[in-house]
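So the structure is just underneath, and the comments pick up after that.
The values are calculated or read from the model by the stated rules, or taken from the named source; none is laboratory data. A quick note: this is a predicted structure, and the numbers were derived from the prediction, not measured. Every residue, glycine among them, receives a Cβ derived from its backbone with ideal geometry; neighbour counts consider all protein chains shown.
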Amino acid sequence: MSSNENKTAEELLAQSISNPRDLTRYLQYLKIIREQELSSSVLICPFDAAINWSRANSIWPLTFGLACCAIEMMAVGADKFDLDRFGAGAFRATPRQADLMIVAGTVTYKMMPRVKKLYEQMPDPKYVMAMGACTIGGGPYCKFGYHVVKGIDKFIPVDIYVPGCPPRPEALIDALFKLQAKIAHDSPLENRFGVGGNG
C-alpha cells in the first residue's frame, strides 16, 4: 500500500485500468477536473476500484474462536494491536453481519457441521482465514487425533492461511493485509454481472 503513495494520479489510473480506451477516457476526466480546479473535491476511479477499496477497508470478522488460537485473535482486537486501525475491528456476533470467518483453533468432526452452517449463513462476498496449525492440518492431532478435522479446507473454501501454534497477533495482522490486497484486485462487477467496472 505504501508503494502507491508517491505515484501520480495518471500512474494510479494506468495501474488500475487495463483497457487503453477506458484509460484515455479517465485521463480526459482527470484533465477536466484539474482545469476546473476540482482536484480537492472530485475523485475519479473505476467503479470496481471504489467497491474493492470499501470492501477491503471495512472487513467485519465473525466473533468465532474454537481453541487456544482464539486468545491470539482476541489480542489482535485489544488495545496493543488495535485491529480497528486497519478497518477490520468490528467483530460481529452473528454470521449474517460478518464477511470474514477466522477459524481459530482445533476443529473436531462434532463441531464441523456447525462451522459449515455458520459459513453458509454469511452473506457474499465472504472470506475464510484458517488460523493455526490445528485448523490448517490437524496440528499435533494430525496422526492420532481421530476426532480432529485434518484441514478446514476439506469442508469450506479457505482464502488465506496463518500458520503457527498458535500464530502471533502480528501474523494475523499480516494475513489481514494479504487478504485486503486480494480483495483490492477483485472484479466484483464482472463476477456478478459479467461486465467490467472500468466503463
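If we keep just the residues of the range 138-152 that are in a helix (DSSP H, G or I) and at pLDDT below 90, which is surrounded by the fewest Cβ atoms within 10 Å (Cβ to Cβ)? It would help to see each step written out before you state the result.
Step one: filter the range 138-152 for residues in a helix (DSSP H, G or I), giving 139-141, 152.
Applying the additional criterion that residues be at pLDDT below 90 yields 139-141.
Numbers: 139: 19, 140: 12, 141: 17.
Once the filter is applied, the top-ranked residue is 140.
What do you reckon, is residue 70 surrounded by fewer than 16 Cβ atoms within 10 Å (Cβ to Cβ), of a type in the set (Gly, Ala, Ser) and touching a residue at least 24 places away in the same chain (Cβ under 8 Å)? Criteria not met by residue 70. Only residues that are assigned to a loop (DSSP other than H, G, I, E, B) and over 19 Å from residue 177 (Cβ atoms) were counted in the range 39-81, giving 14.
Test residue 102 against the stated conditions and say whether it is crowded, with 19+ Cβ neighbours inside 10 Å and assigned to a strand (DSSP E or B). Yes, satisfied. Counting only residues that are surrounded by fewer than 14 Cβ atoms within 10 Å (Cβ to Cβ) and over 15 Å from the mean Cα position of the chain (by Cα), the range 75-96 holds 7 of them.
The set of residues from the range 55-66 being touching a Gly at 6+ places or on another chain (Cβ under 8 Å) and surrounded by 17 or more Cβ atoms within 10 Å (Cβ to Cβ) comprises 56, 59, 65, 66. Applying the criterion of being closer than 18 Å to residue 8 by Cβ, surrounded by 14 or more Cβ atoms within 10 Å (Cβ to Cβ) and not aliphatic (A, V, I, L, M) to the residues of the range 30-54, the residue that is modelled with the lowest pLDDT is 45.
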